[in-house]
Amino acid sequence: MSGILVGKTAVHQHGQQPVGRGTRDALIQFLAQDPDSPLRRFTPAGADVEVVFDLRSVHQGSHTETTVADLPALLVPSKGKYGLRDYEKAFASHLVDGGEEIYEVRGIDRATGALVVVRPGQYVAMVLPLDGTSALTEFFARFMAGTVVTA
């Protein structure tokens, strides 16, 4: 299972509109709906969305600034026989007990965010801008050809 980590750039700063939300939302829409999306192309029909890819999002700010209702459905998927919601797909960048903030530690630009593909062995395979959907599609198509396609 490969991981796709989306750096959510939407953050409220002193009453301003979220920064970068349109780009993040466009990426989420691509992953969920576009026929070229690796999630749609390589997830078997009828399978849970995370059977092939483990999608995560890290948004800027505190966990108190975002509610589950603010998250796209792709980040709170229904899973398994009973369709239970998975609430462990979205994370906040600010740590409650201090520590290092991921955007600062990894040098991720807060204004542009990042799309990170992590291989199963935790090797970072590529880092793309949030609008790097063509490169993402090409990357997975190189070695996942012939995989079952979602209907």
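The values are calculated or read from the model by the stated rules, or taken from the named source; none is laboratory data. Since this is a predicted model, take the numbers as computed values, not measurements. Don't worry about glycine lacking a Cβ; one is built from the backbone with ideal geometry, like all the others, and counts go over all protein chains shown. With ligands, DNA and RNA removed, areas are computed over all heavy atoms of the protein, side chains included. Shrake-Rupley method; radii C 1.70, N 1.55, O 1.52, S 1.80 Å.
Laid out as a table, the results:
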{"read-out": "Those trypsin sites (Lys or Arg not before Pro) in the range 68-151 that DSSP places in a loop and that have at most 14 other beta carbons within 10 Å", "value": "Lys81"}
{"read-out": "Extension gain, Ala73 back to Ala47 (0.36 nm per residue minus Cα-Cα distance, nm)", "value": "7.8 nm"}
{"read-out": "For Phe42, solvent-accessible area (1.4 Å; no DNA, RNA or ligand), Å²", "value": "10"}
{"read-out": "Within the range 61-151: Cβ-based charge dipole about Cα centre, in debye rounded to nearest 20 (Lys, Arg +1; Asp, Glu -1)", "value": "540"}
{"read-out": "P(r) tail fraction, the range 23-67 - alpha-carbon pairs more than 11 Å apart, %", "value": "72"}
{"read-out": "Rg/Rg_ref, the range 46-127, where Rg_ref = 2.2 N^0.38 Å and atoms are Cα", "value": "1.22"}
{"read-out": "Rounded accessible area of Val124 (nearest 10 Å², 1.4 Å probe)", "value": "70"}
